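Engineer: Structure in structure tokens, see below.
Laboratory data are not the source of any read-out in this text; all were calculated from the coordinates shown. Quick caveat: nothing in here was measured; it's all calculated off a predicted structure. Cβ placement follows ideal geometry from the backbone for every residue including glycine, while neighbour counts extend to all protein chains displayed.
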Amino acid sequence: MSSTYVWVVIAGMAVANLVVRFIPMAALSRVDLPDWLRRWLGYIPVSVMAALVVGEIIRPEDTWIAPWQNPYLWASIGTGLIYWRFRSFLGATVAGVVLFLAFRAVLG
């Protein structure tokens, strides 16, 4: 694989990202959207992130783990509860790492 090919692929991905992401955002930023549509569009990033995270929690490294033996699942539940209670992203992140290491040590 030549370096020219790699740079062409990188440039193509950059153009594709520009077309798919920037142009629609630029066009929609000039339009006054109804409130219900703004609220609806606001849920899209959260939904995409949840879909990505839940897939990795339920099936880490493309293997199924029973729920009672899944340290990813238990750590994510604990992390969510800590964030819900204290509303601290940094605190929940640190607690999540500690919880994961603890559950991984206990559950194997």
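Engineer: What is the P(r) of the range 31-88, as percent of Cα-Cα pairs per 10 Å bin from 0?
Structural biologist: All Cα pairs considered, the percentages come to 20, 33, 28, 14, 5.
Engineer: I've got another one for you. Add -39500 (n - 2.57) for each DSSP H run of 4 or more in the chain, then divide by its residues: what number comes out at 222 nm, to the nearest 500 deg cm²/dmol?
Structural biologist: Roughly -25000 deg cm²/dmol at 222 nm, from the helical runs in the chain.
Engineer: Just one of [x] 58; [y] 70; [z] 29 is percent of Cα pairs over 22 Å apart as worked out from the coordinates here. Which one is it?
Structural biologist: For percent of Cα pairs over 22 Å apart, the calculated option is [x].
Engineer: Using only alpha carbon pairs under 8 Å that are at least six residues apart, calculate the relative contact order of the chain and give it in whole percent.
Structural biologist: Worked out over the chain, it gives 18 percent.
Engineer: Simple spin-label model, 7 Å along Cα-to-Cβ: Glu56 to Ile23 in nm?
Structural biologist: With each label point 7 Å from Cα toward Cβ, the separation is 3.1 nm.
Engineer: Loop-only check: which trypsin sites (Lys or Arg not before Pro) in the range 29-108 are DSSP coil with at most 10 other Cβ within 10 angstrom?
Structural biologist: Listed in order of number, the matching sites are Arg30, Arg87.
Engineer: How high is the FRET efficiency from Leu81 to Val8, r the C-beta distance, R0 35 Å, rounded to 0.05? List each step's numbers first, then the result.
Structural biologist: On the way: r = 48 Å, r/R0 = 1.38.
It comes to 0.15.
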